[in-house]
């Protein structure tokens, strides 16, 4: 009797689960249309291939220098890099004299060792990039770790910079009137809620000048600064890749060694 009751209980729960799955499928079919403007018109990040991608990826220092030039010429007036020191720029291929010159252009508010008072002085290689003083509402985010803080990483940054559109699609405004871009904001399908307060930073070709002669197109500048921000977020990426490859090789070697030892130890016993 107990066995029969157990079978019926099991059948009941199985039927309930199947009905639940069937009902959810039906509802998904009915509710297939997205209910928000972001779901309907938001775009996934474009594909972006960088030299640092993959387990064997390495930074392209020439591209990182170009990206730093874009940051200085386009982004630095609003966005800070407070987690990056000037001295770390040597990893991009700058020599100590160049790093010192770059740091000296910054103004650092620090304690005077003689008087103990806070005073402004030129930056030193040991200093971090100073915070940006922003007078408007809502200070723009620090970019040091931005590729780690945003889903899609560098691809999201690249897509956002190249995704500004002059006008919203007419169908979007028709179906989602509340999502119409407010005055003073800008439509960008790669941004979370489609409307962003930041105007397009990269507006024209040649906005910065590259020392290596690379054509500074809008697309190229967006790629280069995205690559640079990957480095600011994870400057140890190359070392991490190298250590990972070394450990994979070590584990492969020990696996082969263990297998050979196993064959050697058990060969005679298996023969019997």
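Nothing in this text is a laboratory measurement; each read-out follows from the coordinates by a stated rule. What you see is a predicted model, and the numbers here were worked out from it, not measured in a lab. Every residue, glycine among them, receives a Cβ derived from its backbone with ideal geometry; neighbour counts consider all protein chains shown.
Here are a few things to note about the model shown:
- Calculated mean residue ellipticity at 222 nm for the chain: -14500 deg cm²/dmol, from DSSP H runs with n ≥ 4 weighted as -39500 (n - 2.57), summed, divided by the residue count and rounded to 500.
- Max mean-square fluctuation residue, GNM over the chain, Cα-Cα springs under 10 Å, options 185, 221, 260: 260
- Approximate spin-label separation residue 97-residue 72, in nm, with each point projected 7 Å along Cα-to-Cβ: 1.6
- Sorting the segments 64-74, 157-167 by their mean number of nearby beta carbons within 10 angstrom, highest to lowest, gives 64-74, 157-167.
- Neighbour-count order for 133, 243, fewest beta carbons within 10 angstrom listed first: 133, 243
- Shown here: the stretch 96-167, whose C-alpha atoms stretch 55, 34, 23 Å along the first, second and third principal axes, sorted largest to smallest.
- The candidate values were (1) -0.74, -0.82, -0.89, -1.15; (2) -0.55, -0.67, -0.79, -1.19; (3) -0.66, -0.75, -0.84, -1.08; the one computed from these coordinates for log10 I(q)/I(0) by the Debye sum over Cα atoms at q = 0.10, 0.11, 0.12, 0.15 Å⁻¹ carries the label (1).
- Considering only 208, 225, 173, the Gaussian network model of the chain with Cα springs below 10 Å gives its largest mean-square fluctuation to 173.
- Relative to the current alpha-carbon distance between residue 218 and residue 203, full extension at 0.36 nm per residue lengthens the span by 4.7 nm.
- Zone residues, the stretch 186-204, relative to residue 36, backbone N less than 12 Å from point 7 Å out along Cα-to-Cβ: 192-195
- Between residue 53 and residue 104, the simple label model (points 7 Å from Cα in the Cβ direction) yields a spacing of 4.1 nm.
- Note on the chain: GNM, Cα springs under 10 Å; of 53, 120, 142, the largest mean-square fluctuation is that of 120.
- Two-site FRET efficiency, residue 148 against residue 242, from Cβ-Cβ distance with R₀ of 22 Å, rounded to 0.05: 0.65
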